[in-house]
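Nothing in this text is a laboratory measurement; each read-out follows from the coordinates by a stated rule. All figures in this text were calculated on a predicted structure; none of them were measured in a lab. A quick note on method: Cβ atoms are made from the backbone with ideal geometry, for glycine too, and the neighbour counts reach across all protein chains shown.
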Amino acid sequence: MMTERKLIYKGAEAEIYLEEWFGKPAIRKQRIPKAYRIPELDDAIRRMRTSHEANMMHEVRKLGVPVPTIQHIDLDSSTIMMDFVNGPTLKEELYRIPTHAKRERCGSLGVIVGRMHEGGIVHGDMTISNVLSEQGKLYMIDFGLGDFSKEVEDKGVDLLLLNRAMKSTHYAFHTILFNAFMKGYTSVVGQKHGKEMLHKMHEIEQRGRYFERA
Amino acid sequence: MQFTIVLYCLGIESTAHTFGASVVTDRGEILSDVRDVYTSAPGTGIHPREAAEHHSEVAAHLVSQALSQAKIRASKLAGVAVALGPGLGPCLRVGATVARALSSYLQIPLIAVNHAIGHIEIGTLTAGATDPLVVLVSGGHTAIAAFSGGHWRIFGETEDITLGNLYDMFAREINLPSPAGPEIEKLTQKSTEFIALPYVVKGNDVSYSGLLTASLAMLRSGKRLEDVCYSMQEVSCSMLAEAVERSLAYTGKKEVLLTGGVAANKALQSKLREVARLHDAMFYVVEGRYSGDNGAQIAWTGMLAFRAGVVTTIDQARVRSKWRLEDVEIPWRNDDGA
């Protein structure tokens, strides 16, 4: 049975729809063809990224990182169907919850990201817009740029991007948020490595390659 | 009685293979633009010392030609601007020496210009953009930049070699003269087959070194040169187009400006035009004759800096071969492009 499809987000690469899938609400993430690439190249890229993203979601789940459950993959239309997480992004939620809850959420995120890094996976686009909160339970999304990596450099970029995202949208609470995150992160990766990562993050920042949203 | 005062600025460019001299006015008129390009033998790249020797030989003649074509005497100049970087040390030092001498002899201010900022400013002047997302492509740069808070900020760039490097290094291996972009673009017209090559986009960044290696390997394995050129151009330009699209979505800019030597590439132009269209942005390209390195880009940027009070002294005017464009303070622009 065909049901109504509702466009809820349009990114540079993919369109996100909410629709009914076997009687339950589900998310359709569809990578859209780009006219600036010749079809042979465009098809290959969308196909490869769709399967890569699904694979990364599967891999991080094994490490104890909550992600929406994948229901269906269609490489021909570069589509992933996944469970609908009914909640706001962490970025939105942080605006409206009290300080102790802010701390609690960021601490949980630290634990999740710590598990992911310990397991040798980096997210590649680590912002609080790519974390959903369903009644306090956090889910990570958008693994299109994710990769297998144990490099301190790559993990440092994840932390830096997250720090930047917190700074640019939650300026007044930024230190509280990031400290809570690091507490959770350190509880998984250990004091020594946590310190090393923090140091690396500052070093990458000094190079001035990553900037705040204009 | 009323006077209209016009300011004149001489600009000197010598960062790589081109020595250029130009006179512009503070109204953005380019009164002269002369240059001479050092060409290396096919199959070889720029030899920095030989290029510097070339520049030394042509410098005096080109500077006087720039003044005579502009029909002004040296004593009328308000300032002399020079590209102090980024570029090849020996080449940069020729321009710097000429500019320091002129500044000292004529007793006029010396203005240090960043070559990359020059590409951006001549692009906005000749194409008419006001607050663009800039795509700077040349032998020395492959960068995506937008203006914010007094500086041009890099939103994406190459992690290894530039788009110009990719074409020139490929050309060198097959004995074509550099700069080789136009020659490679001609060859693509005769292609009949697309060959899959590595497509590497990391966020807003691109990486071309693997593409170079793979393209050369395809050639050695017996693929037709035309097909390798076509595939390499398709993949390299599509990668940049995707990185530009991400940066455009991220910054929300409503203009895209393509500038620098590789801006003349028609395939890249058409891809970026499509990216701009997808995001309801206007698309601009630097005027053709100012895409490659030239004195006018230095003269005009020098004029903007001079009017904003940015001048240097002879002892401070040292060359900076690795001068990054985001390090330059830009007091003559506002965030809204005014």
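Report the Stokes-Einstein translational diffusion coefficient (µm² s⁻¹, integer) for the range A:1-132, Rh taken as the Kirkwood radius over Cα pairs, at 10 °C with viscosity 1.306 mPa s.
97 µm²/s
Would you look at the GNM of chain A, springs on alpha carbons closer than 10 Å, and say which of A:Leu94, A:Leu177, A:Leu75 moves the most?
Judging by the Gaussian network model, the answer is A:Leu75.
Going through the DSSP H helices of chain B, which span 15 Å or more along their own axis at the Cα atoms while scoring at least -1.0 as a mean Kyte-Doolittle hydropathy? Could the numbers behind the result be given before it?
Working: long enough: B:48-70 (31 Å, -0.38); B:89-106 (25 Å, 0.71); B:115-127 (18 Å, 0.68); B:163-173 (16 Å, -0.24); B:209-220 (17 Å, 1.12); B:225-251 (39 Å, 0.23); B:266-278 (18 Å, -0.42); B:295-307 (18 Å, 0.62).
Helices meeting the span and hydropathy rule in chain B are B:48-70, B:89-106, B:115-127, B:163-173, B:209-220, B:225-251, B:266-278, B:295-307.
Determine, for A:Lys29, A:Lys6, A:Lys200, the number of other Cβ atoms within 10 Å of each Cβ, and report the residues in order from fewest to most. Before the final figure, lay out each step's value.
Numbers: A:Lys29 24, A:Lys6 10, A:Lys200 19.
In order of increasing Cβ crowding within 10 Å: A:Lys6, A:Lys200, A:Lys29.
Starting with the fewest neighbours, write out A:Phe148, B:Phe19, B:Phe3 ranked by other beta-carbon atoms found within 10 Å of each beta-carbon.
Ranking A:Phe148, B:Phe19, B:Phe3 by Cβ neighbours within 10 Å, fewest first, gives B:Phe3, A:Phe148, B:Phe19.
Under a Cβ-Cβ cut-off of 12 Å, what is the net charge of the residues other than B:Gly85 that fall near it, where Lys and Arg count +1 and Asp and Glu count -1?
Residues close to B:Gly85 contribute a combined charge of +3.
Taking only the Cα atoms of chain B, how large is their convex hull per residue, in Å³?
On the way: hull volume 44.3 nm³, N = 338.
It is 131 Å³ per residue.
Helix A:191-206: angle to the longest alpha-carbon principal axis of chain A, degrees 0 to 90, nearest 10?
So the helix axis and the longest Cα principal axis differ by about 70 degrees.
How many angstrom lie between the C-alpha centres of the range B:85-162 and the range A:50-119?
Distance between centres, Cα-based: 42 Å.
For the range B:46-112, treating each Cα as an identical point scatterer without solvent, what Debye log10 I(q)/I(0) comes out at q = 0.18 1/Å?
Calculated log10 I(q)/I(0) at the listed q: -0.70.
Expressed as an acute angle from 0 to 90° and rounded to the nearest 10, what is the orientation of the C-alpha long axis of helix A:39-62 relative to the principal long axis of chain A?
50 degrees
So for the range A:6-83, what are the equivalent ellipsoid semi-axes in whole Å, largest first, each being the square root of 5 times an eigenvalue of the Cα gyration tensor?
Each semi-axis is the square root of five times an eigenvalue, giving 22, 16, 10 Å.
Quick check: net charge around B:Ser207, other residues with Cβ under 11 Å of its Cβ, Lys/Arg +1 and Asp/Glu -1?
-3
Which angle between 0 and 90 degrees, to the nearest 10, do you get for helix A:174-189 versus the longest principal axis of chain A when only C-alpha atoms count?
90 degrees
Would you list the P(r) distribution for the range B:216-320, with all Cα-Cα distances sorted into 5 Å bins from 0 and each bin expressed as a whole %?
Pair shares across the bins are 2, 10, 14, 14, 13, 14, 12, 9, 5, 3, 2, 0.
Under the definition of Cα pairs under 8 Å and six or more residues apart, what whole-number percent is the relative contact order of chain A?
18 percent
Could you please rank B:Tyr167, B:Tyr8, placing first whichever residue has the fewest other Cβ atoms within 10 Å of its Cβ?
In increasing order of surrounding Cβ atoms, one gets B:Tyr8, B:Tyr167.
Please pull out the direction-averaged projected area of the range B:121-290, using the convex hull of its alpha-carbon atoms, in nm² to one decimal place.
9.3 nm²
Relative contact order of the range A:90-206, please, whole-number percent, based on alpha carbon pairs below 8 angstrom and at least 6 residues apart. Walk me through the numbers on the way to the answer.
On the way: 152 pairs, mean separation 42.9, N = 117.
In percent, rounded to a whole number, it is 37.
Would you kindly work out the equivalent ellipsoid of the range B:256-295 from its C-alpha gyration tensor and give its semi-axes, the square roots of five times the eigenvalues, largest first in whole Å? Please list the in-between numbers first.
Numbers: eigenvalues 85, 20, 6 Å².
Semi-axes (√(5λ), whole Å): 21, 10, 6.
About its Cα centre, how strong a charge dipole does chain A have in debye, to the nearest 20, once Lys and Arg get +1 and Asp and Glu get -1 at the Cβ?
620 debye
Antiparallel versus total DSSP beta bridges in the range B:8-159: what percent is that, nearest 5? Don't skip to the end; give the middle numbers.
On the way: 23 of 32 bridges.
Rounded to the nearest five, the antiparallel share is 70 percent.
List the relative contact order of chain B as a percent without decimals, with contacts defined as Cα pairs under 8 Å and 6+ residues apart.
26 percent
Anyone know which of B:Lys223, B:Lys271, B:Lys253 comes out most mobile in the 10 Å Cα GNM of chain B?
Judging by the Gaussian network model, the answer is B:Lys223.
For A:His199 and A:Lys167 in one chain, what is 0.36 nm times their gap in residues minus the Cα-Cα distance, to one decimal in nm?
So the chain would gain 9.7 nm between A:His199 and A:Lys167.
Give me the net charge for the shell around B:Arg224: Cβ to Cβ below 10 angstrom, other residues only, Lys and Arg +1, Asp and Glu -1.
Its environment carries a net charge of -1.
Would you please state the base-10 log of I(q)/I(0) at q = 0.15, 0.19, 0.22 1/Å for the range B:104-211, with intensities from the Debye formula using one equal scatterer on every alpha carbon?
So the normalised log intensities work out to -0.83, -1.11, -1.25.
In Å and from the alpha-carbon atoms only, list the Rg and Dmax of the protein assembly as shown.
In order Rg, Dmax, the Cα atoms of the protein assembly as shown give 26.1, 85 Å.
Calculated from DSSP H runs of 4 or more alone, at -39500 (n - 2.57) each and per residue, what is the 222 nm mean residue ellipticity of chain B, nearest 500?
Rounded to the nearest 500, the figure is -13500 deg cm²/dmol.
With the Cα gyration tensor of the range A:63-199 in hand, convert its eigenvalues to equivalent ellipsoid semi-axes via √(5λ) and list them largest first in whole Å.
Taking √(5λ) for each Cα gyration eigenvalue gives 24, 19, 13 Å.
Report the residue, chosen from B:Val34, B:Val80, B:Val94, that carries the largest GNM mean-square fluctuation when chain B is represented by alpha-carbon nodes joined by springs under 10 Å.
B:Val34
Just how large is the dipole of the protein assembly as shown about the Cα centre, in debye to the nearest 20, putting +1 at every Lys and Arg Cβ and -1 at every Asp and Glu Cβ?
880 debye
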